[in-house]
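Here is the structure we will look at, set down as structure tokens.
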């Protein structure tokens, strides 16, 4: 049977999110690691927006958003109920956290990371705007080891790649900050088998080359 094809870029947090969803659902795909400066024509034909991840199913259907790729994979196999189908109140909480991450926090994260491109305010100002979300996560993690309880949910896996990126802008500051629960939570995920699996390095895919099988 033909595998789905995933266009990915190893360090992109959205692509990390998609790969996590596939691994957690034990889904196997044909991985094409790309260079963002040289996007392959085959990817652009399938998804003209030109951003990763892009998942192309064997029937030709294209899934262009990382959270939708996670949801697609887990809808088929979710042994740990990461989608929280058994807890509707937590499901809504997870959605709210992911929406805030994607719609608000990510904008401040980009300005913090690339502050020289946004001279309207200082890098510290952008970091402080991002800290609003970090403080919210810190509060949740002071109550339990994962964002919504004792075990991870889709919220943890969908969000931590972005917190990783935030932490890496100034690792010294982050490690000395007051967000001790966020630090422990992030470190735990970054040491996990799932993260090690999704961060394996693959050669860049060129249109004349074979894809790599990715997944458990």
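The values are calculated or read from the model by the stated rules, or taken from the named source; none is laboratory data. Keep in mind it's a predicted model, so treat the numbers as computed, not measured. Here Cβ is always computed from backbone atoms with ideal geometry, including for glycine, and neighbour counts include all displayed protein chains.
Annotations
- Residue check: residue 135 meets all listed conditions (1) loosely packed, with under 15 Cβ neighbours inside 10 Å; (2) in the same structural domain as residue 201 (by TED's automatic domain parsing); (3) not in a loop (DSSP other than H, G, I, E, B) but one, namely (2).
Results for (1) modelled with pLDDT under 95; (2) under 18 Å from the mean Cα position of the chain (by Cα); (3) closer than 23 Å to residue 101 by Cα; (4) in a loop (DSSP other than H, G, I, E, B), shown as yes or no for each residue.
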{"site": "2", "(1), (2), (3), (4)": "yes, no, no, yes"}
{"site": "7", "(1), (2), (3), (4)": "no, yes, yes, no"}
{"site": "15", "(1), (2), (3), (4)": "no, yes, yes, no"}
{"site": "22", "(1), (2), (3), (4)": "no, yes, yes, no"}
{"site": "26", "(1), (2), (3), (4)": "no, yes, no, yes"}
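- Output for region 28-52, where each listed residue is in a loop (DSSP other than H, G, I, E, B), more than 11 Å from residue 206 (Cβ to Cβ) and in contact with a strand residue (DSSP E or B) (Cβ under 8 Å, 6 or more places away or on another chain): 28, 47, 52
- If the condition is being touching a helix residue (DSSP H, G or I) at 6+ places or on another chain (Cβ under 9 Å), touching a residue at least 60 places away in the same chain (Cβ under 8 Å) and either closer than 20 Å to residue 76 by Cβ or surrounded by fewer than 19 Cβ atoms within 10 Å (Cβ to Cβ) (or both), then region 17-33 contributes 17, 19, 20, 21, 22, 23, 24, 26, 27, 28, 29, 31.
- Test for residue 103: is it out of contact with any helix residue (DSSP H, G or I) (no Cβ under 8 Å at 6 or more places or on another chain) and more than 30 Å from residue 136 (Cβ to Cβ): no
- Tallying residues that are free of Cβ contacts under 8 Å to residues at least 12 places away in the same chain and touching a strand residue (DSSP E or B) at 6+ places or on another chain (Cβ under 9 Å) within region 149-173 yields 0.
- One residue from 36, 44, 57 being more than 23 Å from residue 97 (Cβ to Cβ) and without any contact (Cβ under 8 Å) to a residue 24 or more places away in the chain: 44
- Answer from 129, 146 - the residue that is in contact with a helix residue (DSSP H, G or I) (Cβ under 9 Å, 6 or more places away or on another chain), under 30 Å from residue 23 (Cβ atoms), in contact (Cβ under 8 Å) with a residue 12 or more places away in the chain and outside the structural domain of residue 74 (by TED's automatic domain parsing): 146
- Within region 56-84, being touching a helix residue (DSSP H, G or I) at 6+ places or on another chain (Cβ under 7 Å) and either assigned to a helix (DSSP H, G or I) or closer than 21 Å to residue 160 by Cα (or both) holds for 66, 67, 69, 70, 73, 74, 82, 83, 84.
- Which numbered condition residue 151 fails, given (1) part of a helix (DSSP H, G or I); (2) closer than 23 Å to residue 66 by Cα: (1)
- One residue stands out in region 1-16 among those that are in contact with a strand residue (DSSP E or B) (Cβ under 6 Å, 6 or more places away or on another chain) and surrounded by fewer than 23 Cβ atoms within 10 Å (Cβ to Cβ): the one that is nearest to residue 168 (Cα to Cα), namely 5.
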